[in-house]
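Written below as structure tokens is the structure these notes are about.
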Amino acid sequence: MKKKHNLSYWLMFVMMTLIAFVSFFPFVWMFLSSFKPQNELLSMPPTFFPENFTIANYTSVFKQMPFGQYYINSLVTAGLNTLVGVISSSLIGYIFAKYDFPFKNAIFLVVLACMMIPYETLMPTVYKLMVGIKWTNSYKVLTIPYFVNIFGIFLMRQFYLDLPDDYLEAAEVDGCSQFEIWARIAMPMANSTTSSLVIFLFMASYNSFMWPLISVDTRKLFTLPVGIASMVWDRGNQYAMLLAAASMIIVPVCILFAFMQRKFIEGMTSGGIKG
Amino acid sequence: MSTVTLKNIKKVYPKSHNDNKHNLKETAEGVLAVDDFNLEIKDNEFIVLVGPSGCGKSTTLRMVAGLEEITGGELYIDDVLMNEVAPKDRDISMVFQNYALYPHMTVRQNMEFPLKVQKKKKEYIDKKVEEAAEILGITEYLDRKPKALSGGQKQRVAIGRAIVREPKVLLMDEPLSNLDAKLRNQMRAEILKLRKRIHTTFIYVTHDQTEAMTLGDRIVIMKDGVVQQIGTPQEVFDNPHNLFVAGFIGTPQMNFYDGRLLEDNGKYTVEIQGMKVALGKEKNERLKANGVVSQDVTVGVRPEHIVLAEGDNVIRSVVDVSEMMGSEVHLHVTANGQESIIIVPTNVIRGRSVMDSGAEVDFSFPEEVVHLFSKETQNNLEY
Ligand SMILES: Nc1ncnc2c1ncn2[C@@H]1O[C@H](COP(=O)(O)OP(=O)(O)OP(=O)(O)O)[C@@H](O)[C@H]1O
Ligand SMILES: [Mg+2]
């Protein structure tokens, strides 16, 4: 079957291609350039494909700093923060959506208000708190403050508000405890929303820079963004090596996206309720 | 297999300010959705709650399920007080109007779910699920997800999920109302069959009186949160206790006429639009026992009990429309400004012109089919 495409279709097509190109091109450039020696990288006119292909940039990243340690720090903290963050958001959002308790709306308003306050304004206070309880310079400071995410709570609450009570009541009659209703029915049904939250929380933790920068000052605890920044401060002109480090940083994010995209589609299930 | 007893069950919903449409009584605490509900359900009995929208059927059912708190009164299952028992410990199961199949599980997983929650053995679960699937004819869909099923199939799965655990009581809230007419008739027949195969107590909610009449051992007719009458389908059809029940049960609806009941020495006569009907022995005795005096009444007669007649002691009417239904004809007639429906068997009509609109027909009815309702209380004067 042939479909006729009109002008607006082609305009849209060209626009999309342009946008895709503009956003994707820097990554291609970064990846290709990470295999060029520094002098080729800075040569004029610039080359697109590496002419003197080398992996020296990659090896020196690992030689000149504890890059592997940064990597592990980032993956472990981001992984844990995402896991706990998703569970807490889902549970708390569920409670706000499906349970009645005194002052529920007032409490939710306070929670929402916290979301409105810019993170930067909160940071000094949280930092002082962390200093006070002696959590700075530890894994605790890189994880526990991330365990509750207000946007996540809000997102999950929104999903659960739209989830018909009938499913939960059916589960209750089928013999589930209150916790089982959430764990076996509500949470799995939120699959697609949860997937986007996973990406969001992982990115938020994996990319966070300011907080680990001020709360941690031993290299052993540096995460990737802080590690890379320290590299710029120490060896600011080694652009080729920087590009190699940056290329490696985005790998987990790409994998997560690729994996979660499938989940998104799987999660788009409906049809158990007629209505 | 259990008895269920509802004693003075009452439900008050907190008042919500934006909702003034209902006809419910309001008390200081809120709206009275169900009031003073009394019913003893026998083991293995099929009870149908029926009534118009908003009359409190679902609320009553949900109180039995434990999904709604009981404001007042006592609920017993097998003589154990259930008011404060959580739904999961009541050993009941429920079929929801919109099926509520878990979309992330296959049909098999849906049906297994209640047994899995109870941590039953795998072989036992498999056996039960296969049995239920067999009964409901859904064996071939066991590995599909709910979204790949038709409405009727979903309904079967929902019923399957409810029966695998062999609950003490099986609750159903308008399970057929999302199906088209043909499927509904078919599923109704299947529920009747199912009922013979599994031994459990049923409470079934519907707003469809045909469903109620065909399924129920006894039916409970409700209106505005108050039980109007409880009885077998035959009882409520033959002896409606008030005007509401009379009008609600039976299609087409019962005809109502303004009339006058005259008492003379213990003998009662009712006069409708000039036609006099002398009541028989049984009715006379019942009316006398109730001390009924001469008064204006509402007279109810079912369309199928009216006969075409000739002579002086008849009601004269004019045909508005006639509907040919096959074996019978429904005549919509007007007599002295009051409309009624008469059901006439087709063979009686043959060769007569009564089916044309504008035709004049005279009708009457025997005394034993007359129902007399007080104008004041709307109650049947005989009960
Ligand atoms: N959660 C609630 N809060 C306040 N009022 C309610 C609530 N649920 C039901 N009601 C009211 O209680 C009354 C009975 O409702 P119920 O759902 O039992 O009716 P129903 O007989 O099942 O009607 P339908 O045939 O429409 O399902 C209605 O007037 C309804 O507005
Ligand atoms: Mg209802």
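The values are calculated or read from the model by the stated rules, or taken from the named source; none is laboratory data. Being a predicted model, the structure only gives us computed values, none of them experimental. Here the Cβ positions follow ideal geometry from the backbone for every residue, glycine too, while neighbour counts run over all protein chains shown.
When residues in the range B:30-70 are screened for being away from every other protein chain (no Cβ under 14 Å), in contact (Cβ under 8 Å) with a residue 24 or more places away in the chain and within 12 Å of ligand 1 (Cβ to nearest atom), 15 of them pass. A:Ala229 - would you say it is of a type in the set (Gly, Ala, Ser), within 14 Å of chain B (Cβ to nearest Cβ) and surrounded by fewer than 20 Cβ atoms within 10 Å (Cβ to Cβ)? Judged against the criteria, A:Ala229 is not a match. Can you say whether B:Ala189 is buried (at least 18 other Cβ atoms within 10 Å of the Cβ), away from ligand 1 (no atom under 16 Å from the Cβ) and either among the acidic types (Asp, Glu) or in a helix (DSSP H, G or I) (or both), as far as the supplied structure shows? Taking the combined requirement at face value, the residue does not satisfy it.
Taken together, the residues in the range B:204-229 that are aliphatic (A, V, I, L, M) and more than 13 Å from ligand 1 (Cβ to nearest atom) amount to 3. Remark: B:Val34 falls outside the filter, which requires a residue to be of a type in the set (Val, Ile, Thr), at pLDDT 95 or above and within 16 Å of ligand 2 (Cβ to nearest atom). Residues that are in contact with a strand residue (DSSP E or B) (Cβ under 9 Å, 6 or more places away or on another chain) and either within 22 Å of A:Val173 (Cα to Cα) or modelled with pLDDT of 95 or more (or both) are absent from the range B:17-31. Within the set B:Glu134, B:Glu130, B:Glu123, the sole residue that is under 31 Å from the mean Cα position of the chain (by Cα) and surrounded by fewer than 21 Cβ atoms within 10 Å (Cβ to Cβ) turns out to be B:Glu134. Answer yes or no as to whether B:Glu74 is within 16 Å of ligand 2 (Cβ to nearest atom), over 17 Å from the mean Cα position of the chain (by Cα) and touching a residue at least 24 places away in the same chain (Cβ under 8 Å). No, not satisfied.
Consider the range B:325-346 and keep the residues that are in contact (Cβ under 8 Å) with a residue 40 or more places away in the chain and more than 18 Å from B:Gly247 (Cβ to Cβ). The one that is surrounded by the most Cβ atoms within 10 Å (Cβ to Cβ) is B:Ala335.
Of the helices (runs of 4 or more DSSP H) lying entirely inside the range B:77-182, the ones with 3 or more residues being in contact with a strand residue (DSSP E or B) (Cβ under 9 Å, 6 or more places away or on another chain) and either hydrophobic (A, V, I, L, M, F, W, C) or within 11 Å of chain A (Cβ to nearest Cβ) (or both) are found at B:151-163.
Please count how many residues of the range B:156-190 are on the phi > 0 side of the Ramachandran plot and among the polar types (S, T, N, Q). It would help to see each step written out before you state the result.
Here is the first cut: in the range B:156-190, the residues on the phi > 0 side of the Ramachandran plot are B:166, B:174.
Filter once more, so that each one left must be among the polar types (S, T, N, Q): none.
The total comes to 0.
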